Amino acid sequence: MIEELFERERPRLLAIAYRMTGTPDDADDVVQDAWLRFQAKCGDESDPIERPEAWLTTVVSRLSIDRLRSASSRRETYVGPWLADPLFDTPDTAPPPDDASIIAESLSLGFLAVMERLSPSERAAFLLHDVFGVPFDDVAKTLEKSEAATRQLAKRARDHIATERPRFAPDPHDVEELSMRVLAAAFSGDIDQLQSFLADDVVHISDGGPHHRAARVPVVGPERVARFYVNLAKRDEPGLEFHPAHANGQAALYTTQFGEPYMLTTITFVDGLAVSMHAVRNPEKLAAFHRTWRAAGGQSTLERPGTSGR
């Protein structure tokens, strides 16, 4: 009975925990810890759980906040931009393809990067109420604050996100073709053609961590982004293979080197132009994605963009 209830709730709990912590492994640990606590609580007949779903939401949220607070010092000293560990899309994690709601948007790497600037309590208040529709009185109990204070936390988060919110749109049907055009132009070295595929306010953000080469600050504007990608494509490193993939609710290009994680790139398009590009280079952040990707048999390989006809 309790196993069936928990399994029904697991996808939602994982969705909350991942958006809170920004890493699939932490989300898995949080949900597993919640399950153990749920088992123990259900065994205490003297204090039954009246609303199991709400109880589980509270526990997962509090455990996620604890994880965020313990990770805050590490993230503050992180070298270069910090992006969430990408999540390989599975039927349990990916939003429906026609879902243009805040639930889908909140999964993207760009949106998660904006939420990193919120305090753990602001992040929880916004996600629980605005994204997952939890009533404010329940959110207040979860955060152990008054309802008025909780509403203020959500408002501060909402205002901050509105200011820095990345432009987001559901992937168009031809997003993979658009992505390949961008990458082919980069590999061909045609800066002018590449610029024609980029919006005027395009931004590229890369997360290489402390040990891998990546842009340490965001690259902004079509000319700078085009030159950055062309220079990146000139590196003729051995063993690179390109794979179509889906990550964080978006089409992605996953690059491996001799079968090991190398880089994951997502490109967001609005009206046919690339408006944001996010690249995760840090292999530690790609570890969970790589495991799930391999288990799903997603090793189909693309021809190196821009090499056809050579």
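Just name the residue that is modelled with the lowest pLDDT out of those in region 246-266 that are of a type in the set (A, V, I, L, M) and closer than 17 Å to A104 by Cα.
Restricting to residues being of a type in the set (A, V, I, L, M) and closer than 17 Å to A104 by Cα, the top hit is A251.
Listed conditions (1) more than 17 Å from the chain's Cα centre (by Cα); (2) surrounded by 13 or more Cβ atoms within 10 Å (Cβ to Cβ); (3) closer than 30 Å to G297 by Cβ are all met by Y254, apart from (1).
The set of residues from region 1-47 being more than 30 Å from R117 (Cα to Cα) and crowded, with 16+ Cβ neighbours inside 10 Å comprises F6, F38, K41, C42. Quick check on region 204-212. Is at least one of its residues surrounded by fewer than 22 Cβ atoms within 10 Å (Cβ to Cβ) and either modelled with pLDDT of 90 or more or of a type in the set (A, V, I, L, M, F, W, C) (or both)? No, every residue in region 204-212 fails to be surrounded by fewer than 22 Cβ atoms within 10 Å (Cβ to Cβ) and either modelled with pLDDT of 90 or more or of a type in the set (A, V, I, L, M, F, W, C) (or both). The set of residues in region 85-116 that are modelled with pLDDT of 90 or more, in contact with an Asp or Glu (Cβ under 8 Å, 6 or more places away or on another chain) and closer than 30 Å to A149 by Cβ comprises F111, V114. Only one of T58, T90 is polar (S, T, N, Q), over 30 Å from V220 (Cα atoms) and surrounded by fewer than 19 Cβ atoms within 10 Å (Cβ to Cβ). Can you tell me which? Criteria check complete, one pass: T90. Restricting region 73-92 to residues that are touching a residue at least 12 places away in the same chain (Cβ under 8 Å) and among the small types (G, A, S), the residue that is nearest to Q250 (Cα to Cα) is A84.
For region 139-167, residues that are under 15 Å from V275 (Cα atoms) and touching a Ser or Thr at 6+ places or on another chain (Cβ under 6 Å) total 1. Of all residues in region 251-262, those satisfying the criterion of being part of a strand (DSSP E or B) and touching a Pro at 6+ places or on another chain (Cβ under 9 Å) are A251, A252, L253, Y254, T255, Q257, E260, P261, Y262. Residues in region 131-148 that are out of contact with any Asp or Glu (no Cβ under 6 Å at 6 or more places or on another chain) and surrounded by 13 or more Cβ atoms within 10 Å (Cβ to Cβ): V131, F132, V134, D138, V139, K141, T142, L143, K145.
Report yes if some residue within region 16-36 is within 28 Å of L253 (Cα to Cα), acidic (D, E) and touching a strand residue (DSSP E or B) at 6+ places or on another chain (Cβ under 9 Å); otherwise report no. Looking for residues that are within 28 Å of L253 (Cα to Cα), acidic (D, E) and touching a strand residue (DSSP E or B) at 6+ places or on another chain (Cβ under 9 Å), one finds none in region 16-36, hence no.
The values are calculated or read from the model by the stated rules, or taken from the named source; none is laboratory data. This one's a predicted model, so the numbers in the text were calculated from it and none came from an experiment. Quick reminder, even Gly has a Cβ in these numbers, built from the backbone with ideal geometry, and neighbours come from all protein chains shown.
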